[in-house]
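Working notes, beginning with the structure itself.
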């Protein structure tokens, strides 16, 4: 999808008698990348970065999609089963899955995200070992699966049994932490559009993950990104796959509701 | 607020009594070496009138701290009239800040800006308490030392 160049018009607000910058407002039609003021990281990315995402031949993340497609068909584990053996054509059976995860899993009495569901299939149904977090096969399979929902609106379920976990994710998002004493809201709500030295702050949306980051020269998970944001404020991090990160993942999905799944998005 | 026991320890360390006013905020810092370094300051009228150290701040050292990503990293949020490629825009420009604010006011804005604006994004550069989940390598340490704060204040005062 093509989008025009941003034209910036910065609004200045005053808080507690001290001048500070509020989020930049822009007169641009971002098409599906903006829903009721909620904007994909795509709309904050540089034009060159957007162009790479728009072109499947340039977008390095598609390599992970291909690797995932191979793994989908390959038998793994003691039982000689493949994902395809149970689920058939991923384009059909997996369409929509990436748009609604993470979900409440009754058998675990907590949320489960896509990576964890993949490993649950491996350990409980295929006699295979769980893939390590951020390992190439887990990234490839996660990217492949979420890619099956590309273009679909992010639409998590946050009520019913998921509600308390959603609330925990929201609390995580608003809690100041680390030596710099900053919460996610300081960068991604109060300052989206503003610069953090050379980096333009986005609304911190999750709809493009796993994302191909030019800085990483590869695909990385959402939990890797969140851990990086924790490290940047000199906070003690949680392990990828921890309940804390899965809960905030649901809150992020709700923040991104209505935005299209972009996996694999391309970001700086 | 530090406990009375801590105050006594501090007083002993510094070798004189009565330095801490009743309304003052007392900070006890543990240096990385395991040595106890103590600094106390009094907040009055949204300012910290007394310098944190006996050695006057050095504006040149202050300028280096402001630019250094591992220390002040002020440019990540502020435009500052120094030679650099990128400046942040989440904070106001610091051009002419030395004409707007005096040393005492600048000191509090570095030490603990939340005293002035509890919602602020600006980190407290000289605070070790009331923080949540600080990474172990930084726990108990302020972002800048007392002398570094004085150096940065001296530099900011040159921005007129």
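What to note about this one:
Here is a yes/no grid of residues against (1) part of a helix (DSSP H, G or I); (2) modelled with pLDDT of 95 or more:
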{"position": "B:88", "(1), (2)": "no, yes"}
{"position": "B:99", "(1), (2)": "yes, yes"}
{"position": "B:107", "(1), (2)": "yes, yes"}
{"position": "B:125", "(1), (2)": "no, yes"}
{"position": "B:129", "(1), (2)": "no, no"}
{"position": "B:144", "(1), (2)": "no, yes"}
{"position": "B:156", "(1), (2)": "yes, yes"}
{"position": "B:159", "(1), (2)": "no, yes"}
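- Residue within the stretch A:38-52 that is surrounded by fewer than 18 Cβ atoms within 10 Å (Cβ to Cβ), within 14 Å of chain B (Cβ to nearest Cβ) and either at pLDDT 95 or above or farther than 16 Å from residue A:151 by Cα (or both) present: yes
- Some residue of the stretch A:76-85 being crowded, with 18+ Cβ neighbours inside 10 Å and within 22 Å of the chain's Cα centre (by Cα): no
- Candidate set: the stretch B:117-160, residues that are facing chain A (nearest Cβ under 7 Å) and touching a residue at least 12 places away in the same chain (Cβ under 8 Å); chosen: the one farthest from the chain's Cα centre (by Cα): B:121
- Residues of the stretch A:99-115 classified as surrounded by 18 or more Cβ atoms within 10 Å (Cβ to Cβ), touching a residue at least 40 places away in the same chain (Cβ under 8 Å) and part of a helix (DSSP H, G or I), total: 2
For every residue, the table says whether it meets (1) within 14 Å of chain B (Cβ to nearest Cβ); (2) touching a helix residue (DSSP H, G or I) at 6+ places or on another chain (Cβ under 7 Å).
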| site | (1), (2) |
| --- | --- |
| A:168 | no, yes |
| A:205 | no, yes |
| A:217 | no, no |
| A:220 | no, no |
| A:235 | yes, no |
| A:240 | no, yes |
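- Hits in the stretch B:66-77 - residues which are under 20 Å from residue B:120 (Cβ atoms), part of a loop (DSSP other than H, G, I, E, B) and facing another protein chain (nearest Cβ under 10 Å): B:73, B:77
- Scan of the stretch B:52-79 for residues that are buried (at least 18 other Cβ atoms within 10 Å of the Cβ) and touching a strand residue (DSSP E or B) at 6+ places or on another chain (Cβ under 9 Å), ordered by number: B:52, B:76, B:77
- Note on the stretch B:111-148: residues that are within 14 Å of residue B:51 (Cβ to Cβ) and in contact with a strand residue (DSSP E or B) (Cβ under 9 Å, 6 or more places away or on another chain) amount to 4.
Every residue, every condition in (1) under 18 Å from residue A:90 (Cβ atoms); (2) surrounded by fewer than 18 Cβ atoms within 10 Å (Cβ to Cβ); (3) free of Cβ contacts under 8 Å to residues at least 40 places away in the same chain, yes or no:
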{"site": "A:119", "(1), (2), (3)": "yes, no, yes"}
{"site": "A:122", "(1), (2), (3)": "yes, no, no"}
{"site": "A:132", "(1), (2), (3)": "no, yes, yes"}
{"site": "A:140", "(1), (2), (3)": "yes, no, no"}
{"site": "A:143", "(1), (2), (3)": "yes, no, no"}
{"site": "A:146", "(1), (2), (3)": "yes, no, no"}
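- Among the residues of the stretch A:194-208, those that are in contact (Cβ under 8 Å) with a residue 60 or more places away in the chain and either at positive phi or not in a loop (DSSP other than H, G, I, E, B) (or both) comprise A:199, A:200, A:204.
- The one condition from (1) loosely packed, with under 13 Cβ neighbours inside 10 Å; (2) modelled with pLDDT of 50 or more that residue B:43 does not meet is (1).
- Scan of the stretch A:222-233 for residues that are within 14 Å of chain B (Cβ to nearest Cβ) and under 17 Å from the mean Cα position of the chain (by Cα), ordered by number: A:226, A:227, A:228, A:229, A:230
- In the stretch A:191-202, residue farthest from the other protein chains (Cβ to nearest Cβ) [restricted to those that are surrounded by fewer than 22 Cβ atoms within 10 Å (Cβ to Cβ) and in contact with a strand residue (DSSP E or B) (Cβ under 9 Å, 6 or more places away or on another chain)]: A:202
- In summary, residue A:152 fulfils each of the numbered conditions (1) touching a residue at least 24 places away in the same chain (Cβ under 8 Å); (2) within 18 Å of residue A:74 (Cβ to Cβ) with the single exception of condition (2).
- Candidate set from the stretch A:131-155 (those that are part of a loop (DSSP other than H, G, I, E, B) and out of contact with any strand residue (DSSP E or B) (no Cβ under 8 Å at 6 or more places or on another chain)); member that is nearest to the other protein chains (Cβ to nearest Cβ): A:133
- Selection within the stretch B:85-107: residues that are under 18 Å from residue B:151 (Cβ atoms) and in contact with a helix residue (DSSP H, G or I) (Cβ under 6 Å, 6 or more places away or on another chain). The member of this set that is farthest from the other protein chains (Cβ to nearest Cβ) is B:103.
- Verdict on residue B:98 being surrounded by fewer than 21 Cβ atoms within 10 Å (Cβ to Cβ), more than 12 Å from the chain's Cα centre (by Cα) and within 14 Å of residue B:154 (Cα to Cα): yes
The values are calculated or read from the model by the stated rules, or taken from the named source; none is laboratory data. Keep in mind that what you see is a predicted model, and the values were worked out from it rather than measured. Note that each Cβ is placed from the backbone with ideal geometry, even for glycine, and that neighbours are counted across all protein chains shown.
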